[in-house]
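As structure tokens, the structure follows; a few thoughts come after it.
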Amino acid sequence: MATMNVIFLFLMWTYASGLSSPPVTRNTIFGDEKQIGEIFENIDTVKDDADNYTLYRLPTTTRPKHYDILWTIDTYKRVFDGQVDIELYATQPNVSEIVIHAHEMNYSFVELKYNDAIISRQYSLLPEAQFMRIILQNSSMEYNASNPVVYVLSVGFNAALRKDMLGIYESWYRNPGGEEKWMATTQFQATAARKAFPCYDEPSFKATFNITIRRPTELKSWSLTRKLYTENATLAGYQNDVYSKTPVMSTYLLALIVADYDSITLPSNVSEQLHYEVIGRRSVLRSQGNYALYLGKNLTEVMGIHTGKDYFSLHENLKMTHAAIPDFDAGAMENFGLITYREAYLMYDTEHTNDYFKQIIAYILSHEIAHMWFGNWVTCDFWDSLWLNEGFARYYQYFLTHWVEGYMGLDSRFINEQLHTSLLADSSDTAHALTNPKVGSPSSIRGMFDTITYNKGASVIRMTEHLLGSEILEMGLQKYLADNAYKTARPIDLFEALQNVSLSTGAISQYRNFSFIEYYRSWTEQAGHPIVNVQVNHKTGDMVITQRRFNINTGFSRNNKQYVIPLSFTSADNIDFNNLKPSHIMRDGVIVINRGSVGNHWVIFNKQQTGFYRVNYDDYTWDLITAALRSSNRTLIHEYNRAQIVNDVFQFARSGIMSYNKAFNILSFLENETEYTPWVAAITGFNWLRNRFAGTNYLAPLEELITKWASTVMNQLTYYPRQNDTFMTSYLRYQLAPFMCRMNVRRCLDAAESQFRALVNNQTEVPVNSRNWVYCHALRLGSKADFDYLWQRFNTHNVYTEKILLLMTLGCTNDEESLNTLLNNIVEENFVIRKQDYTTAFNTLLNENYENVQIAFRFIQRNLTQVLKAFDGASPITNIASRLRSSQDINAFKSWASQNNNTLGNYYKGIVEQAQSTQSSLDWAVEVQDDIGQYLQEGDTEITTTTFAPPTTPQISTISPPPLVEPDSPNLPDSSVTTMISLSLIIITAIVHYLI
């Protein structure tokens, strides 16, 4: 009887107040979140090719077995040419056509041979699909299912070294006091191998490769495997470097480098054969390369133990080279045995590389090393399941690094940097599923390299780790790798390996008839994630829990889904945040769980936020949680769950599920909070609000409140480094101090000015972990002379991490002449600022000073054509549009865009839409300002609780709620420890009970 009363009251709450979505036209995703590098960067990009994706896929009627490739690299003329011989065979009878990829090269000959006899053929190019078609004119290919009949397709090719950091491309570098030098390097992922040689450029067409690099005698070359020998070439002034055969692998993992580079090496323990190597510019390698060399060795060894397969046992010819590349758009790339990195992401200088870049070096090493197993040894079958590569690499990016460099706190930082970001990116109805089968074109494939694939993929793996247990996950992954070694895999291969190990070890035996495969499918084949709504009857201990797909615009998605959710919870009467094994599995729309106690005890679901979902509670339970957070017992609630609460309530308020007045009442505990994860979550939430209210009367009181709440933690941190600071203490200061300076907190600005003047006047270096905010906010207060000082430092410094940090701060000045110097050097083709850094430099200018928006706009008005060319598009213009803060400025911007419609061309529509989105942001701020204003004026609401929760009277919404349609759900039996009732049965039972 009591349980059904709870259910009936909950259903009324569900329909009347809890789950009724705001109007579907509501939008909270604005232009500043859609810029390059931001969380919703690709939200307006079509993520699949609808019904045309197969047009871009190679036919499977032929397959490659082996390639012989000769590349001739001329770094002086900046061109390359070569020849590829592909051993291939038919996979079925009557094949008379061979289709491979070839794009944006010249082809000197195309020849097909069988047993050294030339086969009559003709070929054509299909540029849209990036295909080369070779048609046998008078015959079809021989076919033998058990003993494939091998043909050899030979193609000669040539092209200029590319300038877009794809395929084989040019890059320049300079040692101190020396002239600029040119080098050649590569980036083939995902669809650029076809721009370097004709090939089967899809992951599933694995083969072996013999590579010869012909390069100028005075330069060196590197490729994936150990070099067999060097010989004089038939071309005067050149030598051939001949490399040993590669493992069976995909084309996107090939790489080469030709440069006047040096190397530092470590031999193996048992031989002098090359194993570990770092290569780079001569002037930095020996002083900055050792951290990556030794850490890379440690990470590789630990990963080998974890996977049960030592790296060097993957193939006898492999070595491990880490290469520092000056120009590298991708950041880093897991080429099999020759991993390439931006120089700033590999080279570490103890005096001038701060902890931010040090941890980037560490975790990118981990990411790329993990790929040697997850991506290279076992490869996703196609880019539609890229998360099999990148989700695991992102997971190990944090946890492999944590195993080796535990002081960096990457287990904690995963919460803010991966889980929270992926929950947000996954919260729109246009988000794609992890497995997204309708991709095929290069553009749709590029769209898969996003926050969902990387961050959500890693977060779902972490959730699975806690569902199964770390040891069971490790065993299952070892089985998955061994079963699919040197092959490609589909998600089902992973699911089955994990399920088999889970069943054999009893890891999921407590969940009766639980299907691990259906669990994983619900998270990988469906987009989005749920919000778990918890309604507690404190008199009986019954908790009625529902799930709905979350939407950042409207609270609850109209496109509902149902997920198989591992549930964990703890309560104030029996606190246990450490046992992370889920107690229940939820698959239906509603589940009833008894808490095991009665009375006014708070309850927290999703312990340590191990699950990929948000949690909302009834009002009374939120009051209990708020009271606990405000009390001296605040830390009894785990730090990660305090961060979860901060992140959740910011998004609940943004989406309309919760009022800002209520959200701020919950967040008020931040005034006494001093831990890392809750405060980093708070910075993210507050920055979003500050961007919305910039230029309004509400910004000042909002920042006054934030400053007040942050005073405790900043008093503890101070604005100066201390000798006994831990890495995480320093890293929290690194993020909080610039946040405080942006709000013009006087103590912060004074500290920045003091430390900067010591540098300028006395050559006393700014502490390396304070430079990010000291440089920036000293420039905000400073003069042209201060900009000139740092501009000179940028131009002469030989540590690339310091140069990047300077580019991240030079735009903080508001001196127009100085900003024009910076902007001119961005858009001019020169040897000052690299193309890969244009966006970083330009965005700093806009983000750190609102008045700089108009300065940048004036520059673009004078140099429109040059800006469009430099950025290969209109991203700086849309970025300006997203940072306008008045209707007057927006209208003036739109008028300018209209007058320059012809020059803007295809970019015009997107530019105007961005301006309209900015107006929507202003309108949204007006809609919620009274809600926020109420808290800013009245402050905290006193929380009063009784022994038992008072009866809840549902507030009837004036908005008609959407129908609760039972969504598709995996067909899972009930958990042995959970009373699971279908939504329809609960509704019928509740109504009958009410009528009786």
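The values are calculated or read from the model by the stated rules, or taken from the named source; none is laboratory data. This structure is a prediction, so every number in the text was calculated from the model and none was measured. When we count neighbours, we look across all protein chains shown, and the Cβ atoms used for this are built from the backbone with ideal geometry, even at glycine. Side chains included, ligands, DNA and RNA excluded: accessible areas come from the protein's heavy atoms. Shrake-Rupley method; radii C 1.70, N 1.55, O 1.52, S 1.80 Å.
For the stretch 646-668, a residue qualifies if it is open to solvent by less than 10 Å² (accessible area, probe 1.4 Å) and aliphatic (A, V, I, L, M), and the qualifying residues are 646, 649, 653, 663, 666, 667. With a requirement of 2 or more residues that are under 20 Å from residue 227 (Cβ atoms) and open to solvent by less than 10 Å² (accessible area, probe 1.4 Å), the strands (runs of 3 or more DSSP E) lying completely within the stretch 242-324 that satisfy it span 257-259, 274-280. Of everything in the stretch 580-607 that's within 26 Å of residue 561 (Cα to Cα) and without any contact (Cβ under 8 Å) to a residue 60 or more places away in the chain, which residue is surrounded by the most Cβ atoms within 10 Å (Cβ to Cβ)? Among those residues, the one meeting the criterion is 604.
Checked across the stretch 452-461, the condition of being within 30 Å of residue 52 (Cβ to Cβ) and open to solvent by 20 Å² or more (accessible area, probe 1.4 Å) holds for at least one residue.
If you scan the stretch 377-399, which residues turn out to be touching a Leu at 6+ places or on another chain (Cβ under 6 Å) and of a type outside the set (Val, Ile, Thr)?
Within the stretch 377-399, 377, 380, 387, 398 qualify.
The set of residues from the stretch 119-169 being open to solvent by less than 50 Å² (accessible area, probe 1.4 Å), hydrophobic (A, V, I, L, M, F, W, C) and under 23 Å from residue 186 (Cβ atoms) comprises 129, 131, 132, 153, 155, 157, 159, 161, 165, 168.
The criterion of at least 2 residues that are within 29 Å of residue 926 (Cα to Cα) and open to solvent by less than 10 Å² (accessible area, probe 1.4 Å) is met, among helices (runs of 4 or more DSSP H) falling completely within the stretch 785-900, by 838-848, 852-862, 875-881, 887-899. The test for being in contact with a strand residue (DSSP E or B) (Cβ under 6 Å, 6 or more places away or on another chain) and closer than 30 Å to residue 182 by Cβ does not hold for residue 99.
Among the candidates 648, 619, the residue that is over 22 Å from residue 415 (Cβ atoms) and either among the acidic types (Asp, Glu) or free of Cβ contacts under 8 Å to residues at least 24 places away in the same chain (or both) is uniquely 619. Can residue 635 be described as in a helix (DSSP H, G or I) and surrounded by fewer than 22 Cβ atoms within 10 Å (Cβ to Cβ)? Yes; evaluated as a whole, the condition is true for this residue. A single entry from 318, 314, 338, 365 fulfils the requirement of being closer than 13 Å to residue 291 by Cα and aliphatic (A, V, I, L, M): 365.
Condition first: in a helix (DSSP H, G or I) and open to solvent by 10 Å² or more (accessible area, probe 1.4 Å). Now tell me which residues in the stretch 669-687 satisfy that. Answer for the stretch 669-687, where residues must be in a helix (DSSP H, G or I) and open to solvent by 10 Å² or more (accessible area, probe 1.4 Å): 671, 672, 676, 680, 683, 684, 687. Is it the case, given these coordinates, that residue 591 is touching a strand residue (DSSP E or B) at 6+ places or on another chain (Cβ under 6 Å), assigned to a strand (DSSP E or B) and either farther than 20 Å from residue 460 by Cα or among the small types (Gly, Ala, Ser) (or both)? Judged against the criteria, residue 591 is a match. Counting only strands (runs of 3 or more DSSP E) that fall entirely inside the stretch 93-138 and contain at least 3 residues that are touching a residue at least 12 places away in the same chain (Cβ under 8 Å) and more than 19 Å from residue 61 (Cα to Cα), the qualifying elements are 106-114.
Selection of the stretch 699-718 for residues being open to solvent by less than 30 Å² (accessible area, probe 1.4 Å) and over 10 Å from residue 743 (Cβ atoms) yields 705, 709, 713, 714, 717.
Only helices (runs of 4 or more DSSP H) whose full extent lies in the stretch 435-530 are considered here, and the ones with at least 2 residues that are within 22 Å of residue 612 (Cα to Cα) are 457-468, 470-483, 491-505, 516-524.
For the stretch 770-788, what are the residues that are farther than 14 Å from residue 822 by Cβ, in contact (Cβ under 8 Å) with a residue 24 or more places away in the chain and more than 28 Å from the chain's Cα centre (by Cα)?
777, 778, 780, 781, 782, 783
From the list 495, 569, 577, 556, the one residue that fits, being surrounded by 20 or more Cβ atoms within 10 Å (Cβ to Cβ) and either on the phi > 0 side of the Ramachandran plot or in contact (Cβ under 8 Å) with a residue 60 or more places away in the chain (or both), is 556.
The residue list 699, 689, 667 contains one member that is touching a Leu at 6+ places or on another chain (Cβ under 8 Å), aliphatic (A, V, I, L, M) and not assigned by the TED database to the domain that holds residue 413, which is 689. Answer yes or no: is there a residue in the stretch 406-415 that is within 18 Å of residue 366 (Cβ to Cβ), modelled with pLDDT of 95 or more, of a type outside the set (S, T, N, Q) and not in a helix (DSSP H, G or I). Yes, the stretch 406-415 has at least one match. Here residue 310 does not fit the description of being assigned by the TED database to the domain that holds residue 198, out of contact with any Cys (no Cβ under 6 Å at 6 or more places or on another chain) and on the phi < 0 side of the Ramachandran plot.
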